[in-house]
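Just so it is clear, none of the values below were taken in a lab; they were calculated from the coordinates. Keep in mind that this is a model prediction, so the values were computed, not measured. Every residue, glycine among them, receives a Cβ derived from its backbone with ideal geometry; neighbour counts consider all protein chains shown.
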Amino acid sequence: MNSVDSAISAVTDADIILIEEASALINRHWKRDQHGVAAAIRTADGSVFSGLHVGGRRINICGEQVTMGMALSAGHKEFDTCVAVIKTLADEEPAVTSPCGACREVLTWYAPGMRVLVRDGTDVRVMLARELLPAPYIPPWELRGDGFRP
Ligand SMILES: [Zn+2]
């Protein structure tokens, strides 16, 4: 493994604190069909944001996107780590969950170098956001490099 190009690594003590932040939020606000996931993001300066997934049976805005929006709205542009936890029953402990496809695109777009905690079977590990979405969509104008955007 190339240690520069890949961040696949173990969970750190700081990551545990982020998991606890997201878990505390979903434990406070879990509600069936409204809030099932919470995310937490640590910015490069150490600020921590946490947000709930919002939605219902058909429409969902993921916790990662809500939290990224909160951090961006506060003016942050550099991100360190993201984690999401899921809770499906009122008496269940939250568990780390991997980002969905849409979140993988959003996280990669805003913070390709951000560490993201992912579930890998029974394990939790850390990857870079850009590693979550191999061969991502690149708009034609970016491929051309001519700056022309229709
Ligand atoms: Zn998502």
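Per-residue Cβ neighbour counts within 10 Å put 130, 42, 28, 57 in the sequence 57, 28, 130, 42, beginning with the fewest. Distance from the alpha carbon centroid of the range 118-135 to that of the range 30-85 works out to 17 angstrom.
For the range 74-142, relative contact order (Cα pairs under 8 Å, six or more residues apart, normalised by length) works out to 28 percent.
Contact order, relative form, for the chain: 22 percent (alpha carbon pairs under 8 Å, 6 or more residues apart, mean separation divided by residue count).
Listed by Cβ neighbour count within 10 Å, with the fewest neighbours leading, 88, 122, 43 appear as 122, 88, 43. In the chain, the DSSP beta bridges split such that about 95 percent are antiparallel, to the nearest 5. Taking other Cβ atoms within 10 Å as a rough exposure proxy, 127, 70 sort from fewest to most as 70, 127.
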